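Heads up: the structure comes next, in structure tokens.
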Amino acid sequence: MEDRQPLAPQVRFYPPAPGLRDLVTAYYFVDVPPGRQLDHLHPEWANIRFVVEGAWKWRMSDDAPWFSTPAGLWGPTDRTGTIVTDGGLVVGFGLTPVGWSRLIGVSAEPHANAAIDLGEVWGPAAAEMLSSLLETADDAARVAALDARLGPRAQAAAIVDPAVGRAAGALLTGDIRSIDAFARQVGVSTRTLDRLCRRVFGFAPKRLLRRQRFLRTLERIGGRADLPLGTVLDEGYADQAHFNRESRAFMGM
């Protein structure tokens with residue numbers, strides 16, 4: 001391994017190979033120095049994470065059991081999760097909805113707000129990818145190892161219904177204010193949209209619209225922390241109290 005001793009927790013991001021960018025949001029490396037660290041994860045798309053160094057554990061609520069595995073698959077989430085470590089390195093990447101469909105290939109709804117060992121869906125390929133990461137010495141080699149393993153898997157995957165990409169794009173625009181408008185933009189009926197969202201995104205359309213509105217506001221707050229909260233809220237919120245209620249619902253705080 002490389003001679004690495006960060007003075008403070010670091011998260012480093014790298015883009016995947018061009019052919020993977022519709023499937024993978026980014027590669028990330030969470031590097032934590034020795035000493036107990038606790039952090040909270042915001043709602044997000046699915047993730048795959050590999051423990052390269054140290055001991056790490058996660059859970060999705062205070063009354064849920066802790067989960068730990070060297071190679072894990074986290075389904076899409078609509079609430080905060082907690083991560084605890086005494087130091088080490090995790091290598092992970094986010095999956096877009098199209099990426100979930102092609103690289104995982106099962107319904108997302110049973111995996112929402114949950115995590116399993118990656119081997120349950122990838123079989124021996126999960127351990128092989130972990131081994132390739134354990135043999136690397138730096139970030140560049142890890143990125144290359146991920147590209148090398150994911151590229152052939154993506155090429156062998158089945159073609160995804162174009163409605164999945166349209167639905168993902170519609171959610172990211174921030175212009176949708178109703179399920180009917182969501183369905184029209186995707187080009188399907190509301191009933192078909194409900195089935196598609198549960199299968200690919202893990203949640204019903206209404207929940208997805210609320211979650212994306214909350215995440216857009218979090219992004220705005222992070223970029224303009226100098227401004228009063230009321231001036232950066234998403235236009236879908238009636239007032240600051242409305243956002244505060246949603247924050248409690250999604251983040252528990």
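The values are calculated or read from the model by the stated rules, or taken from the named source; none is laboratory data. All values derive from a computational prediction rather than experimental measurement. Cβ placement follows ideal geometry from the backbone for every residue including glycine, while neighbour counts extend to all protein chains displayed. These area figures cover heavy atoms from the full protein model, side chains too; ligands, DNA and RNA do not enter into them. Shrake-Rupley method; radii C 1.70, N 1.55, O 1.52, S 1.80 Å.
Okay, here's what the table says:
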| item | result |
| --- | --- |
| Cβ-placed point charges (K, R +1; D, E -1), dipole of segment 34-74 about Cα centre in debye, nearest 20 | 120 |
| Crossing angle, helix 240-251 versus the chain [Cα axis fit, 0-90 degrees, rounded to tens] | 40 |
| Charge dipole (debye, nearest 20) of the chain; +1 at Cβ of Lys and Arg, -1 at Cβ of Asp and Glu | 960 |
| Folded to 0 to 90 degrees: helix 205-223 orientation relative to the chain principal axis, Cα | 70 |
| Potential extension, Asp194-Ile116 segment - 0.36 nm per residue separation minus Cα distance | 25.6 nm |
| For the chain, accessible area per residue (1.4 Å probe, heavy atoms of protein chains only), Å² | 49 |
| Distance between segment 62-78 and segment 36-51 - C-alpha centres, whole angstrom | 9 |
| Between 0 and 90°, nearest 10: helix 162-173 axis offset from the chain longest Cα axis | 80 |
| Sequence-distant residues sharing a close amide H with Ala46 (under 5 Å, placed H) | Leu95 |
| Peptides 54-63, 17-26, 200-209 ordered by average Cβ neighbours within 10 Å, highest first | 200-209, 17-26, 54-63 |
| Cβ-Cβ FRET estimate between Lys206 and Asp22, R0 fixed at 30 Å, reported to 0.05 | 0.70 |
